[in-house]
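Accompanying notes for the structure given below.
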Amino acid sequence: MVAGMTERLQIDGRAFRDLRIARGMTQADLAAEAGISRQLVDAIESGERARQTRPIVYALARALGVRPAEFVVNMPPESARHRAAVERALAEAPAVDAELSRAMRDLLAGYAIAAKEERELDESRSRPA
């Protein structure tokens with residue numbers, strides 16, 4: 001399987017909790033906004049379930065109005081260079097097995113979603129309150 005597909009990112013529970021509180025959100029508010037359970041928010045903050053998948057991390061970041069790097073420990077880079085390398089590998093090896101090809105396409109789709117969310121976050125931060 002391609003690295004990053006099932007990768008779980010380590011959330012700093014204290015930083016995550018501080019961001020939530022600074023935004024005046026309850027655990028229930030954040031859970032509803034991110035589309036997850038309040039129990040999961042509590043478990044992340046306590047460190048009981050600090051390792052989460054990228055989709056959950058990005059949903060939490062979007063709900064908090066921050067970049068994931070603000071509460072993820074050692075957030076791996078999602079650089080244009082890395083994305084280009086995946087695109088090149090996919091283009092140069094069209095005969096790769098179906099599972100690997102699908103995983104690479106999913107990874108590229110994830111990059112597109114992350115880039116869109118980053119743009120939306122930047123736009124929302126630049127709007128007057």
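The values are calculated or read from the model by the stated rules, or taken from the named source; none is laboratory data. Only a predicted model underlies this, so the values are computations on that prediction, with no experimental measurement involved. Don't worry about glycine lacking a Cβ; one is built from the backbone with ideal geometry, like all the others, and counts go over all protein chains shown.
Residues in the stretch 38-49 that are modelled with pLDDT of 95 or more and under 16 Å from the mean Cα position of the chain (by Cα): Leu40, Val41, Ile44. In summary, Phe71 fulfils each of the numbered conditions (1) surrounded by 18 or more Cβ atoms within 10 Å (Cβ to Cβ); (2) of a type outside the set (Asp, Glu); (3) without any contact (Cβ under 8 Å) to a residue 40 or more places away in the chain with the single exception of condition (3). Count of the stretch 16-37 residues, restricted to those that are at pLDDT 95 or above and at positive phi, is 1. Name the residue that is farthest from the chain's Cα centre (by Cα), counting only residues in the stretch 22-37 that are surrounded by 17 or more Cβ atoms within 10 Å (Cβ to Cβ) and assigned to a loop (DSSP other than H, G, I, E, B). Among residues in the stretch 22-37 that are surrounded by 17 or more Cβ atoms within 10 Å (Cβ to Cβ) and assigned to a loop (DSSP other than H, G, I, E, B), the one farthest from the chain's Cα centre (by Cα) is Met25.
Among (1) farther than 19 Å from Glu117 by Cα; (2) modelled with pLDDT of 85 or more; (3) among the hydrophobic types (A, V, I, L, M, F, W, C), which single condition is Val57 missing? Of the numbered conditions (1) farther than 19 Å from Glu117 by Cα; (2) modelled with pLDDT of 85 or more; (3) among the hydrophobic types (A, V, I, L, M, F, W, C), the odd one out for Val57 is (1).
Reported count of residues in the stretch 79-129, each being among the polar types (S, T, N, Q), part of a helix (DSSP H, G or I) and either exposed (fewer than 11 other Cβ atoms within 10 Å of the Cβ) or at pLDDT 70 or above (or both), is 2.
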